[in-house]
Amino acid sequence: MEQLINLAPFIDHSLLDPCATPDMILQCCEEADRYHFAAVCVYPSAVHQAAQLLHGKQPKVCTVIGFPTGATTSSTKLYEAQEAVDKGADELDVVINLGWLKAGKKEEVYQDIAQICEESDRPVKAILETSLLTPDEIQLAAAICLDAGVAFLKTSTGWRGGATVADIRLLQEITGGAVGIKASGGIKTYAQAAELITAGATRLGTSRGVDLMEELKELSS
């Protein structure tokens, strides 16, 4: 029998529903603590609550910046990132400006991400939204973000398609393991999760972390 992968250390337990209530944030944090997930990923307005709930516990508090379009101004993204850090965020998932990337505005894309990496003093995961990019654009985006100092490259917001094994393999080839790779969007089964990890993903962004762990438990029995 093929050895099963413990998914828990890979999972960013995500609650990015615009209708998420404080009670839902509480449940999300309790689940992350119970299953020993890597992090919770919540909107900036929920960071303070999540940081209080997870204080002294294993899961980190991750939040999203410029989400989901990446099209807010650079100064707005920087303020949002700095405020999130002040509220207790441990990690920042930042959407790159796709319009600038496609227009060839490489310096603007670089500065947009680099200033957050430099001034936030937190690991930044650059969200590339790979489903909207060509392979050449993915390579360009990855190169810019690596130069900017990101800690992870993340495939997707989950709003415009999700992670594919091909995307993860391409990002792994580009980075050579120099930074983490977060697969996000559409991860619903253990088989999907395991395939993405085998391809090179070091984090999994999913709202189905509990379902995945329960499926893993069944497979293990």
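Two decimals, Cα atoms only, Kirkwood Rh: what is Rg/Rh over the range 70-136?
0.98
Surface listing: 100, 159 arranged by accessible area from highest to lowest gives 159, 100, probe 1.4 Å. Along the range 37-49 the Karplus relation, 6.51 cos²θ - 1.76 cosθ + 1.60 evaluated at θ = phi - 60°, assigns HN-Hα couplings of 5, 5, 6, 9, 10, 10, 5, x, 5, 9, 4, 4, 4 Hz to successive residues, with x for each Gly and Pro. For the chain, modelled as a GNM with alpha-carbon contacts under 10 angstrom, which of 96, 174, 138 fluctuates the most? Highest fluctuation of the listed residues: 174.
How many percent of the alpha carbon pairs in the chain exceed a separation of 32 Å? Considering the chain, 13 percent of its Cα-Cα pairs are separated by more than 32 Å.
Taking every protein chain into account, the accessible area of the chain amounts to 46 square angstrom per residue (probe 1.4 Å).
For residue 96, the amide hydrogen comes within under 5 Å of the amide hydrogens of 127, counting only partners 5 or more places away or on other chains and with H modelled in the peptide plane.
In the range 1-94, carbon and sulfur make up what percent of the accessible area (probe 1.4 Å)?
53 percent
Placing unit charges on the Cβ atoms of the charged side chains and taking the dipole of the range 4-136 about its Cα centre, the candidate lying farthest along the positive direction among 133, 51, 38 is 133. Normalising the Debye intensity of the range 1-102 to I(0), with uniform scatterers on Cα atoms only, and taking log10 at q = 0.12, 0.14, 0.20, 0.23 Å⁻¹ returns -0.42, -0.55, -0.95, -1.14. For residue 60, nonlocal amide neighbours, meaning residues 5 or more places apart or on other chains whose placed amide H falls under 5 Å from its own, are 39, 40. Backbone amide hydrogens, once placed in the peptide plane, bring residue 184 within less than 5 Å of 155, 156, 163, 205, excluding anything fewer than 5 places away on its chain.
Distance from the alpha carbon centroid of the range 190-210 to that of the range 42-81 works out to 22 angstrom. The per residue volume of the convex hull around the alpha-carbon atoms of the range 53-170 is 104 Å³. In the range 97-221, the C-alpha radius of gyration followed by the widest Cα-Cα span (Dmax) gives 15.1, 53 angstrom.
The values are calculated or read from the model by the stated rules, or taken from the named source; none is laboratory data. Source: prediction; values computed, not measured. Glycine gets a Cβ as well: all are built from the backbone with ideal geometry, and neighbour counts include every protein chain shown. Ligands, DNA and RNA are excluded from the accessible area calculation, which covers all protein heavy atoms including side chains. Shrake-Rupley method; radii C 1.70, N 1.55, O 1.52, S 1.80 Å.
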